[in-house]
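Beneath this line is the structure, given in structure tokens, with notes to follow.
The values are calculated or read from the model by the stated rules, or taken from the named source; none is laboratory data. Computed from a prediction, not measured in an experiment: that's the story for all the values here. Positions of Cβ are generated from backbone atoms using ideal geometry, with glycine treated the same way; all protein chains shown enter the neighbour counts.
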Amino acid sequence: MEVCLDFLQLLETDMVLNIFSCLDDPADLVRASIVSRYWRDFVIGNGISKQLCVGLFPQLANVEHVTEPDCRTITVTDVGSSKSMEWEILKRDHKVYAALLQVLTNLKSSPIECIAESFSASSTDNYPDESIRNTLDPRDRYFGRASYWSSKGHKDPSVPETLIYKLKADLCVITEIDIRPFEAFFQPGNPIYSAKSVRFRMGHPKSAMEVENDLSRLPLQQPADDKFIWTCTSQEFAMTQENNLQQFKLPEPVLWIGGYLQIELLGRVQRQETDGLFYICVSHVKVLGRPLSPAFHIEILEPSGKFLLKYYHDGLHHTLQSSSNGKEPEPAPMRLLTAEEMLRERVGLLQYLVGGNRQDDDALDWDDDENEMDGFI
């Protein structure tokens, strides 16, 4: 029988790594790993699947290690020796990163809304009527009342404001963030209270338990930056003083790690006529991208700032299906309205129905679907 030589075995390791790094399809990586035992062992032993993932999103270089919570932990007794255990861990890591690579290269569909809940605003002028919670509703009128968030007024137009939101997953690929400044249709001249520019930060809670407890109450109307560690900051984008949903597309899709977004609103352009102070008001915020749940989750490892990547095999099909066919994953459970919120919405509805807070009919200009009492209890 003719002796066949594997040409990869004749090359230096760095050269082989360069060859495998040219693979940009997870299917090619799978095919390569079944060519021969040497190819398979090289792919697994050198972490090729992780290298390809890091090439797509450099933030993944901060993964300390991976785990499969729904699988049994690998132990020495399972595999017979520490060397065998090390190899089993490498095989597991290869499987996890290969699955992640499949998801990351399969994000072909249109992005979806990734905000799950509002968390806090650095200030609020009239809480709860002008709460950050209003920015999650695309309408600028709700039961005949203006729906927006407003900062407190300042004499100094350079004072910034921040809005913090929780995303639908602790791992999301974000492509775009949209903001609509509020036009005060009830004030003379219909002034628009936009910011001069905007910047975005990615982060995670210092204490997950403390932040979750805060989410069980009404969104905060005071600064909450001290509850988070912000790990990444975007460039600064200029805003225009226009009443439209302004799109801020990131130069490249970003793997959002930690599940929280801070919007920095920099500079004030509009002074209120009644008090001479500068305000920033936002009508609506959207974050567009793709959550990587339920297949993937993370756990931040402090104080190193690195993280544990958790892989749930049973959720892989769901994540792949939602990322390739345009369907949204299962929505996050909705937070129940508090008694105060329920009462406020009922009062608002009654005021509208009896005409106590009704604008002129021409000024309302409602869409057909805005006549529905969405979410009213």
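Having 2 or more residues that are polar (S, T, N, Q) and surrounded by 13 or more Cβ atoms within 10 Å (Cβ to Cβ) is the bar; report the helices (runs of 4 or more DSSP H) wholly within the stretch 14-70 that clear it.
On the way: elements: 26-33, 37-45, 48-56.
Output list reads 48-56.
Taking the stretch 85-118 as the range and being over 30 Å from LEU163 (Cβ atoms), outside any helix (DSSP H, G or I) and out of contact with any Asp or Glu (no Cβ under 7 Å at 6 or more places or on another chain) as the test, the residues that pass are ASN106, LYS108.
Counting only residues that are modelled with pLDDT of 90 or more and either part of a helix (DSSP H, G or I) or under 15 Å from PHE185 (Cβ atoms) (or both), the stretch 132-146 holds 6 of them. A search for C-beta distances below 6 Å between a residue of the stretch 58-73 that is under 16 Å from ILE48 (Cβ atoms) and any residue that is modelled with pLDDT of 90 or more, counting only pairs 6+ apart in sequence or on different chains, returns LEU60/CYS53; LEU60/VAL54; ALA61/VAL54; VAL63/LEU309; VAL66/ASP93; VAL66/VAL96; VAL66/LEU309.
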